[in-house]
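Written below as structure tokens is the structure these notes are about.
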Amino acid sequence: MLPGQKGIKEVAVWLASACSSRGIAVLTGAGVSSESGIPTFRDKLTGLWEGYDPAKLASPQGFVANPNLVWQWYDWRRGIVEAASPNPGHLALARLEQLSQHFTLITQNVDRLHHRAGSKNIIELHGNILNYSCFSKRHPANFVAPGLTEPPLCHCGSPLRPDVVWFGESLPASAMPLATDAVLSSSVLMVVGTSGLVQPAASLPYIALESGIKVVEINPVRTPISDQVDVFIEGPSGGVLPYVVSLVEEL
């Protein structure tokens, strides 16, 4: 039962103290969004996309090989994202930010659900699926109609693509330095709903641990960092986070 999990009240005390001191950093992954019905890249594709490999579709090589296919797949994913709503985990993090003087949310998710939940200070490591830029020069696109079967062209003649980080691509230049600074300037790092396998985001908990920063992991399953963090709380973020934040508010 959640209230009896070892360390959960201690985590609330750490967070309450961090709200008025050095601050809190949070790293979120696909598990947070999956609770809003957004499939992760590790979920088996079904229906029209059964048999396709997401890792090949979400790559520059996949786009060059078949831009129409990649475009249609991302149009399908964008429809799922736009129909989804923030879940209690998203809302709890937004509330925790309101309670904290210094708070940074670092996310690997591209769905903007944290924004819609009310979070403000957000670093998007992997971009944003609701925006587009051109493939060759990354010129931004102001508006792209849904339902197109092939990528429209930029003013420079290059096809448009989702403004996300694909497999094999580097993060935006400022993303990791900002995320690292946010972690190092905090007293608690919460790692929520991430597999701990995708680099360079997966390095952030280790940076915190090496610097003596408290690291708390919230996940339904154990990950490569679970045995190293200060406290591991087993459970979905939508159930754990509202409870933890309610304890913080009581302190």
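Could you list, in sequence order, the residues of segment 229-251 that are in contact with a strand residue (DSSP E or B) (Cβ under 8 Å, 6 or more places away or on another chain) and either more than 15 Å from ALA18 (Cα to Cα) or surrounded by fewer than 21 Cβ atoms within 10 Å (Cβ to Cβ) (or both)? First the steps, then the outcome.
Step one: of segment 229-251, the residues in contact with a strand residue (DSSP E or B) (Cβ under 8 Å, 6 or more places away or on another chain) are 229-235, 237, 240-241, 244.
Within segment 229-251, VAL229, ASP230, VAL231, PHE232, ILE233, GLU234, GLY235, SER237, VAL240, LEU241 qualify.
Of all residues in segment 184-202, those being in a loop (DSSP other than H, G, I, E, B) and surrounded by 15 or more Cβ atoms within 10 Å (Cβ to Cβ) number 7.
Hey, does segment 112-124 have a residue that's out of contact with any Phe, Trp or Tyr (no Cβ under 9 Å at 6 or more places or on another chain), part of a loop (DSSP other than H, G, I, E, B), at negative phi and not assigned by TED's automatic domain parsing to the domain that holds ARG77?
no
Just wondering, is there one or more residues in segment 231-247 that are modelled with pLDDT of 95 or more, under 13 Å from VAL11 (Cα atoms) and part of a loop (DSSP other than H, G, I, E, B)? No: zero hits.
GLN108: under 18 Å from VAL26 (Cβ atoms) and out of contact with any Leu (no Cβ under 8 Å at 6 or more places or on another chain), yes or no? Break it down into steps so the answer makes sense when it comes.
Values: under 18 Å from VAL26 (Cβ atoms): yes; out of contact with any Leu (no Cβ under 8 Å at 6 or more places or on another chain): no.
So GLN108 fails the test.
Determine whether VAL64 is within 21 Å of ARG222 (Cβ to Cβ) and modelled with pLDDT of 95 or more.
Working: within 21 Å of ARG222 (Cβ to Cβ): no; modelled with pLDDT of 95 or more: yes.
So VAL64 does not fit the description; no.
Per the listing PRO177, PRO205, the residue uniquely surrounded by fewer than 20 Cβ atoms within 10 Å (Cβ to Cβ) and either at pLDDT 95 or above or closer than 18 Å to GLY23 by Cα (or both) is PRO177. Residues in segment 134-170 that are assigned to a strand (DSSP E or B) and either under 25 Å from the mean Cα position of the chain (by Cα) or touching a residue at least 60 places away in the same chain (Cβ under 8 Å) (or both): CYS134, PRO140, ALA141, PRO159, LEU160, ARG161, PRO162, ASP163, VAL164.
The values are calculated or read from the model by the stated rules, or taken from the named source; none is laboratory data. Just so it is clear, the structure is predicted and the values come from calculations on it, not from any experiment. Every residue, glycine among them, receives a Cβ derived from its backbone with ideal geometry; neighbour counts consider all protein chains shown.
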